[in-house]
1. Can you find, within the range 70-84, the residue that is nearest to Ser132 (Cα to Cα) among those that are of a type outside the set (A, V, I, L, M, F, W, C) and either out of contact with any Gly (no Cβ under 9 Å at 6 or more places or on another chain) or crowded, with 21+ Cβ neighbours inside 10 Å (or both)?
2. Any idea which residue in the range 30-60 is nearest to Phe117 (Cα to Cα), counting only those that are surrounded by 15 or more Cβ atoms within 10 Å (Cβ to Cβ) and charged (D, E, K, R)?
3. Of the residues that sit in the range 122-152 and are open to solvent by 50 Å² or more (accessible area, probe 1.4 Å) and more than 20 Å from the chain's Cα centre (by Cα), which one is farthest from Ala49 (Cα to Cα)?
4. Give just the number: which of (1) open to solvent by 20 Å² or more (accessible area, probe 1.4 Å); (2) within 22 Å of Ser27 (Cα to Cα) does Glu67 not satisfy?
5. Hey, any hits in the range 104-116 for a residue that's out of contact with any strand residue (DSSP E or B) (no Cβ under 9 Å at 6 or more places or on another chain), of a type in the set (Gly, Ala, Ser) and within 30 Å of His190 (Cα to Cα)?
6. Every residue in the range 85-121 that is of a type in the set (A, V, I, L, M), open to solvent by 40 Å² or more (accessible area, probe 1.4 Å) and closer than 16 Å to Thr63 by Cβ, please.
Amino acid sequence: ESSRPGLADETEQMMSTHIRPCVAITSRRVSSLPLRRNPLVRFFGGSTAEPKLDITESKFGGTPYSERGESWKGYSFLGQIDLARATSVLPPNAPTLSGLLRIDLGDSLLDIRVRWFRDVNLDQACCLKIPSVGSWETKIDFKIGWTIPEGDALEAIWPIPEPQWYEYEQFFPTGFNSDGNNEFHRLLGHKSSGLDEAHMFASPSDDTNNIA
């Protein structure tokens, strides 16, 4: 209000019209034992677990959904998400996704293979024992979350020219971002401000199941 009368109400209205739902993604271990151990632990009798989750389950590690004819040479399984199940937690009028998204990691951290399966076809699926990137098999859980614009997107709609970072906090309601320090991934909603400086991703140029 020190800048101009009505600014607080204007900002509150602006923020309320830009709220978007998102999917908060967390994971939990499904076994008390890891999928693999280092050679020294195995030498002294350290046990490991076999994958437990179904090949269509949303998870990190374990047995991936894979179809006959796929090559896994040079790749390990990172994780996969049932997109329809993930977006089922969103409000009825929110956008939804479909299919199964799988992420594999190659020999380097920059060698990431992402594949989207439009339909899960158990007749084409094959149960392969593929190395997992992580040592543990974890089940992915979904719950609804809410986002507002961040970074460049927030500055573009902010009613005060050249705002200072501390000015934003004056308009956030009590309890806003109370789970901000919780560890979870986010699907949909507003773009994270951390992506403002991301220049490495290139979208596919044709209609393909290999996203990147």
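The values are calculated or read from the model by the stated rules, or taken from the named source; none is laboratory data. Model, not experiment: these values are computed from the prediction. Every residue, glycine among them, receives a Cβ derived from its backbone with ideal geometry; neighbour counts consider all protein chains shown. Ligands, DNA and RNA are excluded from the accessible area calculation, which covers all protein heavy atoms including side chains. Shrake-Rupley method; radii C 1.70, N 1.55, O 1.52, S 1.80 Å.
1. Gly79
2. Checking each candidate, the answer is Glu57.
3. Asp152
4. All conditions pass for Glu67, except number (2).
5. yes
6. If the condition is that a residue be of a type in the set (A, V, I, L, M), open to solvent by 40 Å² or more (accessible area, probe 1.4 Å) and closer than 16 Å to Thr63 by Cβ, then Ile103, Val120 are the ones that fit.
Residue by residue, here is whether (1) more than 22 Å from Ala84 (Cα to Cα); (2) among the aromatic types (Phe, Trp, Tyr); (3) in a helix (DSSP H, G or I) holds:
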site: Glu12; (1), (2), (3): yes, no, yes
site: Ile25; (1), (2), (3): no, no, no
site: Arg28; (1), (2), (3): no, no, no
site: Leu40; (1), (2), (3): yes, no, yes
site: Gly45; (1), (2), (3): yes, no, no
site: Ala49; (1), (2), (3): yes, no, no
site: Leu53; (1), (2), (3): no, no, no
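Here's the yes/no breakdown for (1) modelled with pLDDT under 90; (2) within 30 Å of Asp9 (Cβ to Cβ); (3) not aliphatic (A, V, I, L, M):
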residue: Ile112; (1), (2), (3): no, no, no
residue: Pro131; (1), (2), (3): no, no, yes
residue: Leu154; (1), (2), (3): yes, yes, no
residue: Gln170; (1), (2), (3): yes, yes, yes
residue: Pro173; (1), (2), (3): yes, yes, yes
residue: Asp179; (1), (2), (3): yes, yes, yes
